[in-house]
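**Q** Here's a structure for you.
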Amino acid sequence: MTDLDLLKDFRAATPAPTPEALNAARRQLLTPPPAARRQTRSLAGRPRVLLAGALALVLAGGFLVADVVTRDGATPTGTVANASTFLADAATASAADPDDPIPPGQYLEISYRTTRLTPLGSNPSLRATQYGERTTWIASNRKPPYVTSSSFMTRVEFASPEARALAKTTAPYLFHPMKPSVSLNSCLAVGTRRWTVGTTSCEPSWENATDAFLAAQPRDPDLLLAALRKNPQIPYPDSVAWRRIGAVLSSGLVPADLRAALYQAARKLPGIKLLDEVVTVDGRRARVIGRDAGEYREDLLIAETGGQFLGHRTVVVKDGPGDINGDPELSLQRGDILNSAIATARITSTPPPTK
């Protein structure tokens, strides 16, 4: 037997690498050394801008701009073990990078931007996309009232001329975008309709985060998960917890230690998966952690390194999902992004608008 024969036998006896091993090797290659990681800061820190970017919705297909990791031409979904490992790494990075206070005389400016796909007819060319935004300024004392500039619909894009014509009779409100209006608020409302669970009042909650509410939450992942699941009116505690994690992380108020604990709590939820997809958001690379919810999948977008939360989205996983009445929504197809939302935060010395 020659050396070449020995090598052939060794290769034949060596098992193929598992997805977990491939994922770990990929993280090693892409993760910068600790000094470089420290340069990337959390959502609410010292004077810097962390743009999560507009989650661009392509009307023809509804996909985010992305670099996709493929194997044999396919884009397989990661396993629960992969998602758990990635979230553990994100938690470690977040815990090691605490946030800085808002300097006196400056503001924490939190912008919340959304997209929403609106079906208008019976095929994918008959739909529109609504864009909305909300910006809130928090002073250095972090106390209300907060100046807020908001508009549920700043602009609309139609998938086709036929969609525009149809909307004139079936959805005329789409032709009346609103300029952002400025108001004083005693509470901070975060989240989109599909991600908001429970109360819509000003009472502090996961969907209406305040510093005091967040400070009172346990940092132990098991206790935190129990708090996230608690809602006697909704019989799906895991779905409640997943949506609340996305909603509160989008607020821009979550401190680094709680963000780390939220990632650790998310690891314990059944059905999470790391997609083999690297989403590019304003030049930043994000991994996608998804969890199926019937005919939709609800995704968290987390920076590939550093642990920053970049946004969330709801993706259609079945052609023609049921509408509010249970009838097939034929204009929606598998892979469409039904809605998306991102939070952008920065410290600024520019005062908020007065009107």
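The values are calculated or read from the model by the stated rules, or taken from the named source; none is laboratory data. Note that the coordinates shown come from a computational prediction; the quantities given were computed from them, not determined experimentally. Virtual Cβ from ideal backbone geometry, glycine too; neighbours counted across all protein chains shown.
**Q** If R219 passes every condition in (1) under 22 Å from R142 (Cβ atoms); (2) at pLDDT 95 or above; (3) crowded, with 18+ Cβ neighbours inside 10 Å but one, which one does it miss?
**A** (3)
Yes or no, residue by residue, for (1) crowded, with 22+ Cβ neighbours inside 10 Å; (2) touching a residue at least 60 places away in the same chain (Cβ under 8 Å); (3) not in a loop (DSSP other than H, G, I, E, B):
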site: V288; (1), (2), (3): yes, no, yes
site: D292; (1), (2), (3): no, no, yes
site: T314; (1), (2), (3): yes, yes, yes
site: D319; (1), (2), (3): no, no, no
site: S340; (1), (2), (3): yes, yes, yes
site: I347; (1), (2), (3): no, yes, yes
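**Q** Another question, then. Could you please give the count of residues in the stretch 245-268 that are buried (at least 23 other Cβ atoms within 10 Å of the Cβ), out of contact with any Asp or Glu (no Cβ under 8 Å at 6 or more places or on another chain) and farther than 15 Å from L225 by Cβ?
**A** Looking only at that region, the number is 4.
**Q** Name the single residue that is farthest from I110 (Cα to Cα) among those in the stretch 226-258 being hydrophobic (A, V, I, L, M, F, W, C) and part of a loop (DSSP other than H, G, I, E, B).
**A** Filtering first and then ranking leaves I234.
**Q** Could you please find all residues in the stretch 86-135 being closer than 30 Å to F175 by Cα and of a type in the set (D, E, K, R)?
**A** E109, R113, R116, R127, E133, R134
**Q** Would it be correct to say that V279 is in a strand (DSSP E or B), at pLDDT 90 or above and hydrophobic (A, V, I, L, M, F, W, C)?
**A** In short, no.
**Q** Need pairs with beta-carbon distance below 6 Å; first residue more than 10 Å from C187 (Cβ to Cβ) and within the stretch 201-212, second at pLDDT 85 or above and assigned to a loop (DSSP other than H, G, I, E, B); sequence gap 6+ or separate chains.
**A** From residues that are more than 10 Å from C187 (Cβ to Cβ), the pairs are D211/R142.
**Q** Can you pull out every residue in the stretch 321-338 that is touching an Asp or Glu at 6+ places or on another chain (Cβ under 7 Å) and in a loop (DSSP other than H, G, I, E, B)?
**A** P321, D323, E329, Q333, R334 - these are the residues of the stretch 321-338 that are touching an Asp or Glu at 6+ places or on another chain (Cβ under 7 Å) and in a loop (DSSP other than H, G, I, E, B).
**Q** Give the residue that is surrounded by the fewest Cβ atoms within 10 Å (Cβ to Cβ), with candidates limited to residues of the stretch 321-338 that are within 23 Å of Y131 (Cβ to Cβ) and among the polar types (S, T, N, Q).
**A** Checking each candidate, the answer is Q333.
**Q** While we're looking at this one, here's another question. Can you pull out every residue in the stretch 86-100 that is out of contact with any helix residue (DSSP H, G or I) (no Cβ under 7 Å at 6 or more places or on another chain) and either among the polar types (S, T, N, Q) or modelled with pLDDT of 90 or more (or both)?
**A** F86, T92, A96
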